[in-house]
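To start, the structure under review is shown below, and the notes come after it.
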Amino acid sequence: MNYDAIAIGAGLSGCSAAIQLAKLGYRVLLLEQSHYPMHKLCGEFLSIEVTEAFANLGILEQVHRIGAQPIHRAYLTTSGGASFRCPLPSTALGLSRYQLDLMLFERAQGLNVTCLDNTKVTGVTGNLAEGFTVSTSKGEFSGRLVLGAFGKRSSLDRSLNRKFMQKRSPWIAYKGHFTGVDIGDVIELHSFPNGYCGLSQIETGEINVCWIAHERVMKEPTHPELGIASSLAQNPILADRFRHMQRTSPSLQGLSQISFARKENFHNDICMIGDTAGMITPLCGDGMAMALRSAEIAVPFVSQFLEDKISAIAFKQQYVIAWQREFQTRLQLGRMMHNCFVQPSLANIGVGLCQMVPTLGNWIIGATRGKPQLINNEFASNAIS
Ligand SMILES: Cc1cc2nc3c(=O)[nH]c(=O)nc-3n(C[C@H](O)[C@H](O)[C@H](O)COP(=O)(O)OP(=O)(O)OC[C@H]3O[C@@H](n4cnc5c(N)ncnc54)[C@H](O)[C@@H]3O)c2cc1C
């Protein structure tokens, strides 16, 4: 079968694009290397902008029903003892990727998207003029257009010889679910030398604990009592959390070489969305909202191209302009904040300043995210009930 569009990767951006295109009547193939349902490495903190995307994708009610945890406040600390508490600009949510990605995948299936999990894409050939052939572990598929939604780092990036893969990235991350502490409706961000760790509650009542650090942290001796690298234990609040928490996940999920480098929006005529086009640092807690938003930006151009209303060149130019207008500044600010937060002295000064001038902290939190288009108090109260 010749598909109108093939989305590679059934995470947030791939599922979102597939759902939107299927609703417009296109024949869509969605390919995922892993098997659904699955846990994913992520802070699982959803900022408010996702509300409208969830409504448009038809999963908002389900998110209410499943009991996503409302998050109203932030608490930042440093290893030097500075701390800052503030209300979030609007209600955020704690929801596991296990549930969220599954909801989206099933929604795509329900809209007659051909969804194949356990199907790894190994290569893509072709172009927008002649169409594409996508090679997978289950054979070849052809389509007029390909959307690259394969996340922050994939073996496919290497097969496609993407530029950012040439530079090694030292950032590694771990995630697990824990019990034993009650942090309620707060997202906690604790900085330590060469990294930071986020804690927030998800729909099960468990605490998602996710930290990102320079790889040198993993070479340190483990703290004898807490079982974590000694850098993490240098933040007294974080150490105290680990002292009282017990892990519920059978093991921690880990990932290395996380890159925040600039990426291309198109590579070999493949239209990149989500982290495949560019990733904001986890400190901002906005990557999921951006992944969903990038699919919303791409789909109208994809549709116009499929209808022969715009040329391939116009499709590429217009998507790149729209993407950069929306995300470029936030990505830069995110990189800057990340670089400060991993250096103890800068983290101390930054968090100390926010403590003295709370409007500064509020401004920074607001500046790293998109504008919620649907300020929905009903959503927040539904999520609470
Ligand atoms: C440590 C850390 C913490 C984070 N915390 C948060 C947070 O709290 N809040 C937030 O909003 N964002 C957070 N993010 C960012 C967020 O996880 C991502 O921005 C978001 O998942 C991007 O969605 P995506 O659709 O681009 O990619 P993904 O959700 O990663 O989906 C990509 C999919 O492609 C599949 N795939 C890859 N290669 C292939 C292939 N060859 N063939 C077929 N399928 C393939 C993968 O299996 C995967 O399912 C965090 C990121 C990190 C690293």
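With respect to Phe164, is the statement that it is within 30 Å of Ile270 (Cβ to Cβ) and aromatic (Phe, Trp, Tyr) true?
Judged against the criteria, Phe164 is a match.
Quick one: is Glu326 within 16 Å of the ligand (Cβ to nearest atom), surrounded by fewer than 23 Cβ atoms within 10 Å (Cβ to Cβ) and not in a strand (DSSP E or B)?
Values: within 16 Å of the ligand (Cβ to nearest atom): yes; surrounded by fewer than 23 Cβ atoms within 10 Å (Cβ to Cβ): yes; not in a strand (DSSP E or B): yes.
Yes.
This table checks each residue for (1) small (Gly, Ala, Ser); (2) open to solvent by 20 Å² or more (accessible area, probe 1.4 Å).
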| residue | (1), (2) |
| --- | --- |
| Ser137 | yes, yes |
| Arg144 | no, yes |
| Gly148 | yes, no |
| Asp157 | no, no |
| Gln166 | no, yes |
| Pro170 | no, yes |
| Thr179 | no, yes |
| Asp182 | no, yes |
Would you check which residues across segment 292-307 are out of contact with any strand residue (DSSP E or B) (no Cβ under 9 Å at 6 or more places or on another chain), in a helix (DSSP H, G or I) and more than 22 Å from Val50 (Cα to Cα) and list them?
Ser303, Gln304
Entirely in segment 48-138, the strands (runs of 3 or more DSSP E) that have 1 or more residues that are touching a helix residue (DSSP H, G or I) at 6+ places or on another chain (Cβ under 8 Å):
69-77, 83-94, 114-116, 121-127
Determine whether Gln99 is at pLDDT 95 or above, open to solvent by 30 Å² or more (accessible area, probe 1.4 Å) and in contact with a Cys (Cβ under 8 Å, 6 or more places away or on another chain).
no
Given (1) within 11 Å of the ligand (Cβ to nearest atom); (2) among the small types (Gly, Ala, Ser); (3) surrounded by fewer than 18 Cβ atoms within 10 Å (Cβ to Cβ), where does Gly278 come up short, assuming only one miss?
(3)
Look at Ile310 and say whether it is more than 16 Å from the ligand (Cβ to nearest atom), more than 18 Å from the chain's Cα centre (by Cα), hydrophobic (A, V, I, L, M, F, W, C) and outside any helix (DSSP H, G or I).
yes
When every residue in segment 91-124 that is more than 19 Å from the chain's Cα centre (by Cα) and farther than 27 Å from Lys23 by Cα is compared, the one nearest to the ligand (Cβ to nearest atom) is Thr122
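To keep it simple, each residue is scored yes or no on (1) near the ligand (Cβ under 9 Å from one of its atoms); (2) at pLDDT 95 or above; (3) farther than 26 Å from Leu283 by Cα; (4) crowded, with 17+ Cβ neighbours inside 10 Å.
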{"residue": "Asn2", "(1), (2), (3), (4)": "no, no, yes, no"}
{"residue": "Ala18", "(1), (2), (3), (4)": "no, yes, yes, yes"}
{"residue": "Gly25", "(1), (2), (3), (4)": "no, yes, yes, no"}
{"residue": "Val28", "(1), (2), (3), (4)": "no, yes, yes, yes"}
{"residue": "Leu31", "(1), (2), (3), (4)": "yes, yes, yes, yes"}
{"residue": "Leu41", "(1), (2), (3), (4)": "yes, yes, no, yes"}
{"residue": "Phe45", "(1), (2), (3), (4)": "yes, yes, no, yes"}
{"residue": "Ala68", "(1), (2), (3), (4)": "no, yes, no, yes"}
Take the conditions open to solvent by 30 Å² or more (accessible area, probe 1.4 Å), of a type in the set (A, V, I, L, M, F, W, C) and not in a strand (DSSP E or B) and apply them to Ala10. Does it pass?
no
Can you tell me which condition Glu188 does not meet? The list is (1) part of a strand (DSSP E or B); (2) open to solvent by 20 Å² or more (accessible area, probe 1.4 Å); (3) farther than 19 Å from Gly254 by Cβ, and all the others hold.
(2)
Give me the residue from segment 126-138 that is free of Cβ contacts under 8 Å to residues at least 40 places away in the same chain and over 13 Å from Gln33 (Cα atoms) and, out of that set, nearest to the ligand (Cβ to nearest atom).
Thr133
Taking Ala289 as meeting all but one of (1) over 24 Å from Gly143 (Cβ atoms); (2) in a helix (DSSP H, G or I); (3) more than 11 Å from the ligand (Cβ to nearest atom), write down the number of the exception.
(3)
Having 1 or more residues that are free of Cβ contacts under 8 Å to residues at least 40 places away in the same chain is the bar; report the strands (runs of 3 or more DSSP E) wholly within segment 207-282 that clear it.
207-214
The conditions are (1) among the β-branched types (Val, Ile, Thr); (2) more than 27 Å from Tyr3 (Cβ to Cβ); (3) surrounded by 18 or more Cβ atoms within 10 Å (Cβ to Cβ); (4) away from the ligand (no atom under 11 Å from the Cβ), and Thr248 fails exactly one of them. Which is it?
(3)
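The values are calculated or read from the model by the stated rules, or taken from the named source; none is laboratory data. None of these values were measured; they are calculated from a predicted model. Note: ideal-geometry Cβ built from the backbone for every residue, glycine included; neighbour counts use all protein chains shown. Please note that ligands, DNA and RNA were not included when accessible areas were found on the heavy atoms of the full protein model with its side chains. Shrake-Rupley method; radii C 1.70, N 1.55, O 1.52, S 1.80 Å.
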